[in-house]
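Beneath this line is the structure, given in structure tokens, with notes to follow.
What follows is calculated from the coordinates using simple rules that are stated; it is not laboratory data. As the structure is a computational prediction, the values presented were derived from the model and not from experiment. Because the Cβ atoms are built from the backbone with ideal geometry, glycine has one as well, and the counts that use them run over all protein chains shown.
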Amino acid sequence: MSLKNVTRMYLSEDEIPQYWYNMRADMKKKPDPMLHPGTRQPLTAEELRAVFCSELVKQEMDADTRLIKIPEDLLDFYKSTRPSPLIRARFLEKELGTPAEIYYKFEGNNTSGSHKLNSAAAQVYYAKEEGLKNLTTETGAGQWGTALAMACAFFKINLTVYMVKVSSLQKPYRKAIIETFGANLIPSPSETTDVGRRILAENPDTGGSLGCAVSEALEDAMKTPSCRYVLGSVMDHVVLHQSIIGQECKIALDKYGITPDIIIGCAGGGSNLGGLIAPFIGEKISGKTNTRFIAIEPASCPSLTRGRFAYDFGDTGKTTPLIKMYTLGSGFIPSSEHAGGLRYHGMNPTLSKLRDDGYIEARSAMQTDVFKAALQFAKIEGILPAPESSHAILAAIDEALECKKRNEKKVILFGLSGTGSFDLAAYMSYNDGTMTDHVPTDEELEKGFSTIP
């Protein structure tokens, strides 16, 4: 098929993937198992079921099944927003004067404004099937909390969201839409949990972190009848659900005989990045392609570029299982000046393993550079990107300019994981010149590293 006049590569409903792809099944070296925080022994499914829904536990611990069937009722829900468009950034290519072809997968065509709905719907669906009445979660920039509130409203399950306090102040409209969908939102750390009160006693002026919010949501779930905890990134079952993104990309590109040379995703906890690269990295592991995979993260929260590959807690309160991942330490709290999202202290264990084995490159970026790229993209392509997604835009621009310098025609694919419609306060800060960059010093990072067990 000719690409001469093609800009948007849509798929039909019939082409939505029927299965999630589990990239762990094709990995030559598997991620290390989670450990019990008390015994330090590999965690059992029974122990995980005290926190997560049973089917999610099964998916989390399955490192061998390549394809996992998506339930029909969930596929029907997906069809309300999927398949999402794969778009060639022709105007951006022209602006940059690059011989590279640039494509982006746009996940912002739903009310939550991001890719998070792919896993939110799946997790709430399984909670409903299990007969649960209540769920708790954390959210940082607010995309996950919004998506989960939407899914809970659809499947009629009660939801409590612990939102990082500084984000709830920076993004009041995220708070408003979460509450509009019926969820109870609590800025974290709060006085509503034991761990929240302890964190506030130690640091009364803290703006909070995802680690703090995770601790509070976990405690709430354990104390609430007919309740489980769900989360929007880091865990392998979340990346599994997001694999629908990469599979749709591959189906569309295969139609036109296109093989990406470079795939780029922003990296916080890893769900967007993992979902985008999943089927492509499976091919690289098997030796079928030589695609480069680039993870780009904020310089203010640099787990992949400056963190340590070690067993660590997933929360500040040190109640979660120990996860082998790239981490800044569960006690690390990003600067309150950071407005670009991607605030989690650790990275998904599978992506961490792939990074350690050399399959994934990692780089970091200053948030002012990220917002500069966001504005350039918005003015040219007509979509206001989420700050998180704008990290990937920056890396794509850098790679396209490198192609220009070397006169190389490469195919670049990046994930535009969401819109910036609820991030206008951050854009205002950039536009009026009050946005600043913060890069933690080695001494600041050591404080976080000291909390790694």
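Descriptive notes on the structure:
- Rg/Rh (Cα only; Kirkwood hydrodynamic radius) as it applies to segment 134-205: 1.00
- In degrees, nearest ten, helix 367-381 long axis to first principal axis of the chain (Cα): 50
- Rel. contact order, % - alpha carbon contacts under 8 angstrom, at least six apart, the chain: 20
- In this Cβ point-charge picture (+1 for Lys and Arg, -1 for Asp and Glu), the chain has a dipole of about 860 debye about its Cα centre.
- For Arg363, net neighbour charge (Lys/Arg +1, Asp/Glu -1) across residues whose Cβ lies under 9 Å away: -3
- Ordering Phe181, Phe377 from the fewest to the most neighbouring beta carbons within 10 Å gives Phe181, Phe377.
- Sum of side-chain charges, Pro42 neighbourhood, beta-carbon under 14 Å (Lys, Arg +1; Asp, Glu -1): -1
- Cα-based helix-to-principal-axis angle, 271-285 vs the chain, degrees rounded to 10: 60
- Unsatisfied cross-links (Cα-Cα over 23 Å) in the set Lys116/Lys410; Lys29/Lys324; Lys28/Lys324; Lys105/Lys353; Lys116/Lys284; Lys250/Lys405: Lys116/Lys410; Lys105/Lys353; Lys116/Lys284; Lys250/Lys405
- Selection among Gly331, Ser364, Ala396 by position relative to the dipole of segment 323-453 gives Ala396 as farthest towards the positive end (Cβ unit charges, Cα centre).
- Net charge, Pro321 excluded, C-beta distance under 11 Å - Lys, Arg +1, Asp, Glu -1: -1
- This model, with +1 at the C-beta of Lys and Arg and -1 at the C-beta of Asp and Glu, gives segment 252-346 a dipole about its Cα centre of some 180 debye.
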